[in-house]
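Shown next, in structure tokens, is the structure this report addresses.
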Amino acid sequence: MRYLKYTFWTVFWVLVLSFLHYTLPQRDIVRIVDTEVRRVDFGENSIFWAQADTGQDNEGVNRDVRFINAVKENGRIRVYRNEDTGWGWPPYFKLDSSNLQTEAADLVSESRANPQWVILTHYGWRNEFLSIFPNAVGVRATDDPNQRLIPWFNILVLTILAGLALGFFRMTQWFRREKIDPILEDVGETWDAVDARADDARDNARGVWGRFKAWLATWRGKPRV
């Protein structure tokens, strides 16, 4: 039972942390090398895509998706999709993917000798096997490719969530101590009382049976001498 409990909580926290890691914004310092539009056919990975531009048809099995191709300072390639999130989840309320694509195109840097570095904000994961891409939500220019980026928003959100989780844990402890434990104690005392009465009844029954056997013994004939 203990292993089942540990397994449950391990799986629970892995799911929670994965959800937060996917949803919360992340920032990369990259050099944009190209922007493009591709026709994408959606399959089993459709849950990792957002939606068509607000006001367009969302029922199709394929559609045009904007992409931003970039390279990090260490040479690693980064590819981002650029889709509206609308009023759905995650709650970025992004309605300006066309504007963002234009901003990204204006920051394209084709020369390594004179690169234009940008801070690109996104959420989501990149997985080549599943063909999923992080979704870009913002971009701005920077002159320092080694700029330290402190995720203040994520720290604030995680602090609030930790406070809520701690408050919920304290509340459940109080509820158990004030409401459940007294009931369990009353049930235990009642059970002890029932058990004691059962013991008394068994003792009384044994006493009655003993007296009955003694009475029967008086009817037996005495042994002849």
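The values are calculated or read from the model by the stated rules, or taken from the named source; none is laboratory data. Given the structure is predicted, the values throughout are model-derived calculations rather than measurements. When we count neighbours, we look across all protein chains shown, and the Cβ atoms used for this are built from the backbone with ideal geometry, even at glycine. Heads up: the accessible areas ignore ligands, DNA and RNA and are worked out on the full protein's heavy atoms, side chains in. Shrake-Rupley method; radii C 1.70, N 1.55, O 1.52, S 1.80 Å.
Things to note:
- Rounded FRET efficiency, nearest 0.05, which uses the C-beta distance separating Ala141 from Ala165 and R0 of 30 Å: 0.20
- Approximating the spin labels as points 7 Å out from Cα along Cα→Cβ, the Ile180-to-Trp9 distance works out to 1.3 nm.
- Accessible area in the full protein assembly, largest first, 1.4 Å probe, for Glu128, Glu83, Glu73: Glu128, Glu73, Glu83
- Counting only heavy atoms of the protein chains and using a 1.4 Å probe, Thr102 has close to 90 Å² of accessible surface.
- Chain lengthening between Arg148 and Ile77 when straightened (0.36 nm per residue, less Cα-Cα): 23.5 nm
- Approximating the spin labels as points 7 Å out from Cα along Cα→Cβ, the Thr102-to-Val37 distance works out to 1.4 nm.
- Placing pseudo-labels 7 Å out from each Cα toward the beta carbon at Arg112 and Trp89 gives an inter-label distance of 4.3 nm.
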